[in-house]
Structures are given as structure tokens and as C-alpha cells.
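Single-structure report; data block below.
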Amino acid sequence: MEAAVRLWVKTEPFMVGALPAPPPARLSPHYLRKVAAYARARSAAEGCFPRLRWPRWRHIACGKLQLGRGLAWLYFDLFYSLLPPNPPRRLEWAEAEAACTDPDELEQERSKAGAPVPGWALSVDTLQFLLFLYVQQINKVSLRRSLIGEEWPSPRTKSLSLTGKSTSENKNWNDQEHRAFLQSHLSEMLELLLEPEQHPASSHATHSSSVSYEAFCALSFLLEGTVNKSRTVHPLHELALWQPCQAQNGYSKVSRTFSLPKLENWLRSCLTTNPFGMTACLKSGKKLAWAQQVEGTTRRAKIACSTYRVPQVFPMVIMSQVYKQTLAKSSDTLVGAHVRIHRCNESFIYLLSPLRSVTIEKCRNSTFVLGPVQASVHVHSCDNVKVVVVCHRLCLSSTSGCTFYLLTPTQPLILLGNEAISFAPFHTHYPMLEDHMAQVGLATLPNYWDSPMLVCKESGDTGVFRLLPPSDFYTFVIPFEMEGDTTETPGGLPQAYQKALNQREQKVQIWQKTVKEAGLSK
């Protein structure tokens, strides 16, 4: 009798970990196999295997793969954001980074043999990191797709909107794309886990190849599942050792290895749709009545959230077609959630809770005020929107005329297709803001709101962005009452912007005084 194991692809490595841009050519599977062989050939003392330290990755990325140092650090830090959240450790590292006075000192801090702060080691699991780099291929531009404008018609490439209709989707959110990607590339991913001697001259594994249990554990970075329709979620490596599964996946207790062909077949046979992904949220998620129907419009706002909450799985909230409304929420439903805001127009949306990630897509003429975001905010294909947020990372693609009021410890990423972007310092507060920042591990320093990074060669024109002139800068008041201790903007404002506000306030006071002293009649 077959073991009733259901496996699915985790959402986070794709939603948060996959940079929404085509990966560099040197991150192809061919080069990643070379990196795997290089790392395994070196000892742990050299900082390569089984854990990869930052200095060694910098050497591989810059020296072997010809990536820039900024891009090398970006991938390293992106991977770190996928590890189980540890806000106190993140705050300690922010303090250590903020104490560095120049880039060289910062590099020395990152490259220390020990941890930059107690308990923080700048190293990553080597095989998991290679799988993470492989995942970047999901946004690789296909020549076929670029010529015909879309994928060949196929049931697996269709996805659902909140209306249930098929639509072209952001691949980072689409769990059907994640599953199709893994099915298509599973063989090459498993090859990254093989010992160098398991690779024949052709660089393809043979039927006699085996995967060690230690290497196999890296796949738990991408896969998890359940047994017998239980709601308890287990990592892949625990499920693989379940007794009824061992005959199917070729596990040998003597050698502690899996037969590669049997393992691959077992994984493929157990793979199913993620029950906590976007598809499940849209089809069977709980509908939320957060937005009302606007009289005289045919559009109906649609908001849904994950039905079930389980440990180690971040919930989802998806909102679409909010039109000409002000929507404000601080809710347990939002805490730690992945939020997707889609096709909203002429609205003000306040989500004042600590969030895991936020994606804003195809929105127009709207303002979004967000609670602290632990991982990333991705704004795609938006026109004339304002985003006010404290976040770990901001990514922009295909935006036009947008303004971002930021507090962020990483450089904002400018990807493809942007124009007329404005950056300004974060300039508001609400009573629970500092408490929420502590919950997600975000501090006021360092703050790189004014140092964006042009990631793609095509986005290399610095004319696509500007820093908002102080003369155009105004304070922003969140008009809702809440309990809490924050009474001013965390970290304050840069001197030039504070001076502009003071001068404007002074002019108002002078005018009021002039009117008062003029002795005018009613």
C-alpha cells in the first residue's frame, strides 16, 4: 500500500527569495554545478562546505562568476531573509552595521572569522544556498516567450484571479508556476546535491548515483508536506524517513543514502499543489468584508485570507479592485502575513500591522501606508502611487511616477522598466510603530533610503530616479487613534528635510501673527 504522503513546494523561496528580474547568465545550472564541485573540494576550515562563509562566496561570485560585489551581497542577504525570523539577532546586526563608518569597515565586519555579533555567523548552508540560486531561474527570460508574448497554452501555466478567470501572473506569487518549475528542473536540482565523484564526464547523474541523507536535507528548503491528510506540516527530510516511504524513495539505513532514480520518482509522484498557496487562498480562502461597494461603480472589491493557520507557514492576504475608498486595518489577520494588493485605484490603504512581505501590482493613483515589513516590498507595474513604509528591502519594476517614503537597512532595488521614481525619507508614525518594528527586527539605522541600487544593465540609467527635493516634502499624518507609545517619526528626519518643514511652519506662524496684529474687522 502506497504511503499517503503529500508534498508541495514552499511559497517563501519563490515569493521572497526569487529576485523579480532575469538572473545573471553566470547563475545558470552549468555554473552552479561548478560552484558545487568547487565548494565540496574545499574543507570546512576554508569556509566552503557544508557551510559557505561570506568571504568565500564573495570570492566565488566576484572571481569565478564575474558578479559585482553589490550583487554578490544582495543574493547572500536575500537568502538570509528566508531563514527562520530572529528579530533580536537582526537588530544586533543592524547595530553592528550602523557603527561602521565606511564601506571598507563594513566589509571587514562581514568578513570576520567569528560572528559580527554574538550568535550571528555570516555563513549559509552551502547546498541550500545553491538551490536558492537555482530558484532565480524562474524569472529567466524565455526566447520563445519573448517572441510569442506568452507561454504555449498549457493547463499548468494558467492561474486564477480573484474573479476566477485565467490571467497572466507574477511568477513569484503563483504556486502553480512553482510546482511546474520544480517538476521541470528537479533532475538538475538533485544533481547539485551529488558528491563530485557521482558526476560522470557528461555532468549528468547515472542510475547508480545516490544522494546522501545530509545532502538530501537541503531539499527541505524547498519542499514540505503532510501524512494522511493531517494538518501537521513536516519538513521533507522527516517525511522521507517515514518507514512506508523508504521502499519507494530508495533509502538505505546502512549507507544513509537515497537511490537517485527512486528518490526522483518518489518526489514527482508525491508532489501536489500547495494547500497554503495563492491558488488555495483564492479558491477556498476566507472572504473579508474590509472594503465596501462604491455606489455607481461596477467594480467590487475582493479581499481574501488563508483559511487555516499552521506553525511555520506565513498566512496570505490578497486584496483586489479596491476603488475610490479609504481602507484601514490593524488586525491579527495581517500579522506576519504575505500581502498582495492588486489593481487598486484612487484609494488610500492603511495596513498598520507587522507584515512578512507585500506585493503591490497594477495599482494607480493610490497611497499605501504599511506597517513594518520583515522581508520585502515589491512594487510592479504601478503608476502614480505613494508608498510609505519601514521595510527590510524594496524592489521596483515597471513603475512610473511613483514616490516612496522609506526607512530601510538595504539599498532599494531598481529593476527593469521604471521611470520617474522619487525617494524620500520615511515621514510619519502611528502609536504602535516602534513596537511593530521591534517585532520584525527593523531598526532606525542603518537607513539607505537615498542610495538605490540599479540591478539590471537595462536599468543602469540613473535618470530613472531622483531624491524628492526638500521643497516638495510635507509631513504625513495617519488619521486614526490607536494605543501605543510612538509619538514621532522613528529616527527623525534628515537635516535638509527638517529645515524645510521648519521654514514652512515659520512662514505660517508669521502669516498668522500678521493677520492677528492687523486689527481687521470681521
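Looking at Leu263 and the list (1) within 22 Å of Ala180 (Cβ to Cβ); (2) surrounded by fewer than 17 Cβ atoms within 10 Å (Cβ to Cβ), which single condition is not satisfied?
It fails just one condition, (2).
Within region 213-260, track down each residue that is of a type in the set (Gly, Ala, Ser), open to solvent by less than 30 Å² (accessible area, probe 1.4 Å) and closer than 22 Å to Pro50 by Cα.
Residues of region 213-260 of a type in the set (Gly, Ala, Ser): 215, 218, 220, 225, 230, 240, 247, 250, 252, 255, 259.
After this cut, where a residue has to be open to solvent by less than 30 Å² (accessible area, probe 1.4 Å) as well, the list is 215, 218, 220, 225, 240, 250.
Passing the criteria: Ala215, Ala218, Ser220, Ala240.
Does Leu19 satisfy being buried (at least 16 other Cβ atoms within 10 Å of the Cβ), of a type outside the set (Gly, Ala, Ser), within 24 Å of the chain's Cα centre (by Cα) and within 17 Å of Ala215 (Cβ to Cβ)? Can you show your working first?
Details: buried (at least 16 other Cβ atoms within 10 Å of the Cβ): yes; of a type outside the set (Gly, Ala, Ser): yes; within 24 Å of the chain's Cα centre (by Cα): yes; within 17 Å of Ala215 (Cβ to Cβ): no.
It is false that Leu19 is buried (at least 16 other Cβ atoms within 10 Å of the Cβ), of a type outside the set (Gly, Ala, Ser), within 24 Å of the chain's Cα centre (by Cα) and within 17 Å of Ala215 (Cβ to Cβ).
List the number of the failed condition for Thr167; all other conditions in (1) modelled with pLDDT of 75 or more; (2) over 18 Å from Leu19 (Cα atoms); (3) touching a Ser or Thr at 6+ places or on another chain (Cβ under 8 Å) hold.
(1)
Return the residue satisfying two criteria in turn: it lies in region 286-311 and is within 27 Å of Pro84 (Cβ to Cβ) and at pLDDT below 90, and of such residues it is surrounded by the most Cβ atoms within 10 Å (Cβ to Cβ).
Ser306
What residue, among those in region 421-463 that are within 21 Å of Gly68 (Cβ to Cβ) and polar (S, T, N, Q), is least open to solvent (accessible area, probe 1.4 Å)?
Ser459
Looking at region 111-130, is at least one residue farther than 30 Å from Ser320 by Cα, of a type in the set (Lys, Arg) and modelled with pLDDT under 90?
Yes, region 111-130 contains a residue that is farther than 30 Å from Ser320 by Cα, of a type in the set (Lys, Arg) and modelled with pLDDT under 90.
Could you give me the residue pairs with C-beta distances under 6 Å whose first residue belongs to region 333-348 and is free of Cβ contacts under 8 Å to residues at least 12 places away in the same chain, whose second residue is open to solvent by 30 Å² or more (accessible area, probe 1.4 Å) and of a type outside the set (Gly, Ala, Ser) wherever it lies, and which are 6+ apart or on separate chains?
Correct list of pairs: empty, since none qualify.
I need the full set of residues from region 464-475 which are more than 28 Å from Ser353 (Cα to Cα) and open to solvent by 60 Å² or more (accessible area, probe 1.4 Å), in order please.
Within region 464-475, Arg466, Ser471, Asp472 meet the criteria.
Hey, can you tell me all the residues within region 476-511 that are within 30 Å of Pro431 (Cα to Cα), assigned to a helix (DSSP H, G or I) and open to solvent by 60 Å² or more (accessible area, probe 1.4 Å)?
Those that are within 30 Å of Pro431 (Cα to Cα), assigned to a helix (DSSP H, G or I) and open to solvent by 60 Å² or more (accessible area, probe 1.4 Å): Gln495, Gln498, Lys499, Asn502, Gln503, Arg504, Glu505, Gln506, Lys507, Val508, Gln509.
Inspect region 458-470 for any residue being at pLDDT 95 or above, in contact with a Phe, Trp or Tyr (Cβ under 6 Å, 6 or more places away or on another chain), over 30 Å from Ala25 (Cα atoms) and in a loop (DSSP other than H, G, I, E, B) and give the result as yes or no.
no
Which residues, counting only those in region 349-371, are buried (at least 21 other Cβ atoms within 10 Å of the Cβ), farther than 23 Å from Pro85 by Cα and of a type in the set (S, T, N, Q)?
Ser366
How many residues does region 54-74 contain that are under 19 Å from Leu192 (Cβ atoms), buried (at least 18 other Cβ atoms within 10 Å of the Cβ) and not aliphatic (A, V, I, L, M)?
Adding up the residues that qualify gives 2.
Can you give me the number of residues within region 312-329 that are over 16 Å from Ile341 (Cα atoms) and open to solvent by less than 70 Å² (accessible area, probe 1.4 Å)?
The qualifying residues number 2.
May I ask you to list the residues in region 379-402 that are open to solvent by 20 Å² or more (accessible area, probe 1.4 Å) and assigned to a strand (DSSP E or B)?
His380, Asp383, Lys386, Ser400
The values are calculated or read from the model by the stated rules, or taken from the named source; none is laboratory data. Fair warning: this is a prediction, and the values are worked out from it, not measured in the lab. A quick note on method: Cβ atoms are made from the backbone with ideal geometry, for glycine too, and the neighbour counts reach across all protein chains shown. Ligands, DNA and RNA are stripped out before the accessible areas are found, and what is left, the full protein with its side chains, is counted by its heavy atoms. Shrake-Rupley method; radii C 1.70, N 1.55, O 1.52, S 1.80 Å.
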